[in-house]
Amino acid sequence: MIYTLKAELFKFYWDIRRYLFNYSVGIIAEGIFISGLYWALLKYKDSPEILMIGLIMWLFAKTALSDASSMVGEERYYGTFERLSTTKSSLFSILICRIIVNFIYSVLRILIIVTVMCLIFKPDLNYLFSKFNTLLFITFVFLIASMYSWGFIVCGLQIIWKKVGAIVPIIEYIFLVFSGIIVDVEKIPVFLKLISNIIPITWGLKILRETDISKIIVYLTFLIIYTIVSFIIGLFIFNFSISHTKKTGQYGFY
């Protein structure tokens with residue numbers, strides 16, 4: 001897997017060198033959107049710092065939801081998906097390595113956006129650092145893992161249905177609207193709270209807002225269980241989709 005990871009890093013490095021302008025414009029466009037959204041919501045939120053963290057979580061969610069499915073779609077489009085499956089590395093390990101590389105890029109991209117936002121809006125960084133402890137670090141780790149588990153579910157659908165690009169924005173906007181970033185979860189109608197409770201970002205924001213350590217541990221325990229269950233579901237759907245498309249003879253079709 002080390003060699004696979006090196007190959008993916010090498011591939012991504014040259015991709016950035018060749019298409020640096022496109023990557024740069026993408027970061028600028030994303031930064032303008034997030035900054036504008038943050039600015040628009042500032043007067044409605046009691047804690048600008050938690051709002052910023054919520055938007056950062058959402059940026060990670062956007063990446064996590066689309067990374068695996070985009071990789072499969074690209075390989076199928078170029079007709080290399082079947083060849084990729086016959087290499088020494090398994091398709092799953094290649095996918096994991098590519099996700100790791102994209103995650104590193106996402107961290108750097110989001111750091112650039114957040115740095116610019118901090119320079120413009122000057123949030124209370126002391127508040128952010130005082131809230132960042134071991135429990136919150138564990139929260140972020142499992143939060144990101146749970147969102148990538150959702151990405152494997154979308155990837156499984158991509159393998160079966162070939163194109164699922166329209167699904168990803170729907171899930172992204174559900175995450176944004178019902179997680180408590182824009183509208184407080186308490187103000188969401190009761191019949192829609194079920195949607196809110198199955199979004200991982202919701203639990204991350206609950207942990208951030210909570211001051212009672214016992215409640216934080218309860219929320220974190222739920223998030224850990226949620227992540228494990230969602231990973232098992234995502235892996236099952238991914239493996240099932242591979243098996244199904246091979247049996248139907250549509251494995252390499254675009």
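The values are calculated or read from the model by the stated rules, or taken from the named source; none is laboratory data. Just so it is clear, the structure is predicted and the values come from calculations on it, not from any experiment. Virtual Cβ from ideal backbone geometry, glycine too; neighbours counted across all protein chains shown. Areas reflect the complete protein model, heavy atoms only, side chains present, ligands, DNA and RNA absent. Shrake-Rupley method; radii C 1.70, N 1.55, O 1.52, S 1.80 Å.
Regarding Ile216, is this residue under 18 Å from Leu37 (Cβ atoms), open to solvent by 10 Å² or more (accessible area, probe 1.4 Å) and among the β-branched types (Val, Ile, Thr)? No, not satisfied.
Residues to consider are Val168, Val183; find the one that is within 30 Å of Trp39 (Cα to Cα) and in a helix (DSSP H, G or I). Step through it out loud before you land on a result.
On the way: Val183 fails: in a helix (DSSP H, G or I).
Matching residue, one of Val168, Val183: Val168.
Answer yes or no: is there a residue in region 68-89 that is in contact with a Leu (Cβ under 7 Å, 6 or more places away or on another chain), modelled with pLDDT of 80 or more and assigned to a helix (DSSP H, G or I). Write out each step before concluding.
Within region 68-89, the first condition is being in contact with a Leu (Cβ under 7 Å, 6 or more places away or on another chain), and the residues that meet it are 68, 71, 75, 84-85.
Of the ones still in play, those that are also modelled with pLDDT of 80 or more are none.
No - not one qualifying residue is present in region 68-89.
Quick test of your reading of the structure: Leu194 fulfils all but one of (1) assigned to a helix (DSSP H, G or I); (2) open to solvent by less than 10 Å² (accessible area, probe 1.4 Å). Name the failing condition by number. Of everything listed in (1) assigned to a helix (DSSP H, G or I); (2) open to solvent by less than 10 Å² (accessible area, probe 1.4 Å), Leu194 misses just condition (2).
When you check Ile188 against the structure, is it over 17 Å from the mean Cα position of the chain (by Cα) and surrounded by 14 or more Cβ atoms within 10 Å (Cβ to Cβ), yes or no? Reasoning before the result, please.
Details: over 17 Å from the mean Cα position of the chain (by Cα): yes; surrounded by 14 or more Cβ atoms within 10 Å (Cβ to Cβ): yes.
So Ile188 fits the description; yes.
Scanning region 1-47 for residues that are in a helix (DSSP H, G or I) and polar (S, T, N, Q), we see that the one that is surrounded by the most Cβ atoms within 10 Å (Cβ to Cβ) is Thr4.
Residues that are open to solvent by 20 Å² or more (accessible area, probe 1.4 Å), at pLDDT 80 or above and of a type in the set (Val, Ile, Thr) within region 148-166 comprise just one, Ile153.
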